[in-house]
Every structure is written in C-alpha cells, then in structure tokens.
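*Asks:* Below are the structure tokens for one structure; questions will follow.
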Amino acid sequence: MTQHIGIVACSAESAALCYRTICIEGAQLVGPHDHPEVSMHTHSLAEYVKCIRRDDWQGVGDLMLSSANKLAKAGADFLICPDNTIHQAFPYVASKSPLPWLHIADVVTAHAIERSFKRVGLTGTRWLVESEVYPEKLKARGVDYVRPNATEREEINRIIMDELVYGVFKPEAIAYFQKVIGRMQAAGCDAVILGCTEIPLIMNDANSPLPTLDSTRLLARAALRRALSPAVARA
C-alpha cells in the first residue's frame, strides 16, 4: 500500500502545479495513469492574505491546522504545503498537527546539498525572503544565500501577488526575474531558489541565468518518494 498524501493548499496556481506533478510523475514511477491517493483542502487565499498583511502568523497557523485536521479525517498519512510564505507559521503548526509534514525548505535545502550548491539566491514574496524560513535551514547545512534587495523584493512581491496567483504570466515578469537572478549570479550564487511556488510557472532552467531549485516540484517529488516508499521497498 502507498501512503495517502494530504495537500494543505493556499493559492490555486501553486497547488494545481503540485497536484499535477504528483499525478504525472507518479504515473512515470508506478505505471500508466497511476499515482498515490491525494486529498487537498484549501481555505480562501483571501483569509491567508488578511493574516499575513497584519503580521498574524498565529492566524496563518490556525488556517493551516484547520486544513490539516480535515485532511487527517479524510485519511491522509502525511501533509505537504505548496506555499513557501505560510511556512513562517510552521512553528505554530508542528506541535499541534495531527499528522507529520514534509517541510518545503528542508526538501529544497536537501536538494541543494545533493547538487553541491554553495551559495544560492532566494526569491519569493517579500514576507518569505525577509523571514528565516530558508536562511535557518540553509545555514544549518552550510549553504550561503543572497536575498533580493529592497526594490527587488517589492517588485517580485507585486508580480507574485498581482499576476502569478491569478494565472497572469507576462514577458516583463520573466525579464525582471532574469535581471534579479543575473545580479545574484554576479554576487557569486551558483543556483537560485524559486521560493514562491508560483514562480516555476514562469521561470525554469531554460530561461534562468542560474540553475533553479523549483520548490513546488521538489516538494511534490519528495511527497511521491515518501508515499511510494512502502511499495518500492516491497518491489
């Protein structure tokens, strides 16, 4: 038996990409049309944004826990959240959660180590890049990092919140990310974390000046490995 994946979703675009990755790549691993059981629960993105904008991370954590409890009742074995920003609330969530989680920053940092990256750029919402969600994980594993500057943070945040979460993908947004990532490359970075789960909708290894660490797909693949590990062990 495989394990049942529970997705604590936040924005539609990133949750959809995570779900599609699990289903498509699951079929590649298991067989045609096959993938582990998946359940998803989504509160309105507006409820999360209200809490984030008033710096109420306990409120964010309460929303995450609400989804976690519903997914536990639906039979999920473990949880993932394809949203980097709301992982700021994870300290409020972990001790009260009914199920174990895969932490997105742990997954991405582990992949950076596997690929021997030494200094990575960090992109994402301004709340994410100003937080310690990634820095504490990266520093613990000896990986250096570069954050966007203040101007870059505001424009990246605008692109994410006003465009990407609505499924609006503009060439100007791609060009702006390329400019920021190019600056990070000049600052000695050897890879860039796509630390907002919508960013992989417009940026990838083909158009980025640096190799990308796609947090959305990396989390989905980690969930697949965990869900399929009993089946793999028996095979």
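*Asks:* How much length, in nm to one decimal, is gained on full extension between residue 33 and residue 205, taken as 0.36 nm per residue of separation minus their Cα-Cα distance? List each step's numbers first, then the result.
*Replies:* On the way: separation 172, 0.36 × 172 = 61.92 nm, distance 2.72 nm.
Answer, rounded to one decimal: 59.2 nm.
*Asks:* Can you list residues whose amide H is under 5 Å from residue 213's amide H, if they're 5+ apart or on another chain and H is modeled 1.01 Å from N?
*Replies:* When sequence neighbours closer than 5 places are left aside, the close amide H contacts are 192, 193, 194.
*Asks:* To the nearest 10 square angstrom, what accessible area does residue 40 show with a 1.4 Å probe?
*Replies:* Roughly 80 Å² of residue 40 is accessible to a 1.4 Å probe.
*Asks:* For the range 58-113, run through the chymotrypsin sites (Phe, Trp or Tyr not before Pro) and keep only the ones in DSSP coil with at most 14 other Cβ atoms within 10 Å of their Cβ.
*Replies:* Passing both the DSSP loop test and the Cβ count: no residue.
*Asks:* log10 I(q)/I(0), Debye, Cα-only the range 1-56, no solvent, q = 0.17, 0.25, 0.29 Å⁻¹?
*Replies:* Results for the range 1-56 at q = 0.17, 0.25, 0.29 Å⁻¹ read -0.62, -0.97, -1.13.
*Asks:* A further question on this structure: Cα convex hull of the range 156-212: how many Å³ per residue?
*Replies:* Considering the Cα atoms of the range 156-212, their hull volume per residue is 68 Å³.
*Asks:* Also, I was wondering about something else. Got a number for the accessible area of residue 77? Probe 1.4 Å, square angstrom, nearest 10.
*Replies:* Accessible surface of residue 77 is approximately 70 Å².
*Asks:* Ok, one more. Quick one: among 43, 33, 103, which has the greatest mean-square fluctuation in a GNM of the chain with alpha-carbon springs under 10 angstrom?
*Replies:* 33
*Asks:* Could you give the length gained by full extension between residue 50 and residue 169, i.e. 0.36 nm per residue of separation minus their alpha carbon distance, to one decimal place?
*Replies:* Contour length minus Cα-Cα distance gives 40.4 nm.
*Asks:* Here's a follow-up. For the range 132-216, which chymotrypsin sites (Phe, Trp or Tyr not before Pro) are both in a DSSP coil and crowded by at most 15 other Cβ atoms within 10 Å?
*Replies:* Answer in residue order: 169.
*Asks:* Give me the dipole magnitude in Debye, nearest 20, for the chain about the Cα centre, with unit charges on the beta carbon: positive for Lys and Arg, negative for Asp and Glu.
*Replies:* Dipole size: approximately 380 debye.
*Asks:* From the convex hull of the Cα coordinates of the chain, what is the mean projected area in square nanometres?
*Replies:* Value for the chain: 12.6 nm².
*Asks:* Any idea how many Lys pairs in the chain come in under 28 angstrom at the alpha carbon, given 8 or more places apart or on separate chains?
*Replies:* Value for the chain: 15.
*Asks:* Roughly speaking, what is the stretch gain from residue 94 to residue 118, that is 0.36 nm per residue apart minus the C-alpha to C-alpha distance, in nm to one decimal?
*Replies:* Result: 5.8 nm gained on full extension.
*Asks:* If you don't mind, there's one more thing I want to ask. Mind giving me the nanometre distance, one decimal, between the label points for residue 66 and residue 139, set 7 Å out from Cα along Cα→Cβ?
*Replies:* Result for the modelled spin labels: 3.3 nm.
*Asks:* Another question, if that's okay. Please list the helices of the chain that count as membrane-span-like by this rule: a mean Kyte-Doolittle hydropathy of at least -0.5 together with Cα atoms stretching 27 Å or more along the helix axis, each helix being a complete DSSP H run.
*Replies:* Working: long enough: 215-234 (29 Å, 0.19).
Flagged H segments are 215-234.
*Asks:* Separate question: What distance in nm separates the two pseudo spin-label positions at residue 130 and residue 74, each 7 Å out from Cα along the beta-carbon direction?
*Replies:* Spacing of the two 7 Å Cα→Cβ label points: 3.3 nm.
*Asks:* With no solvent and one equal point scatterer placed on each C-alpha of the range 105-235, evaluate the Debye formula and give log10 I(q)/I(0) for q = 0.17, 0.19 Å⁻¹, two decimals.
*Replies:* With no solvent term, the Cα-only Debye profile gives -0.85, -1.04.
The values are calculated or read from the model by the stated rules, or taken from the named source; none is laboratory data. Predicted model, so just to flag it, every value in this text is computed and none were measured. Note that each Cβ is placed from the backbone with ideal geometry, even for glycine, and that neighbours are counted across all protein chains shown. For accessibility, only protein heavy atoms count, side chains too; no ligands or nucleic acids. Shrake-Rupley method; radii C 1.70, N 1.55, O 1.52, S 1.80 Å.
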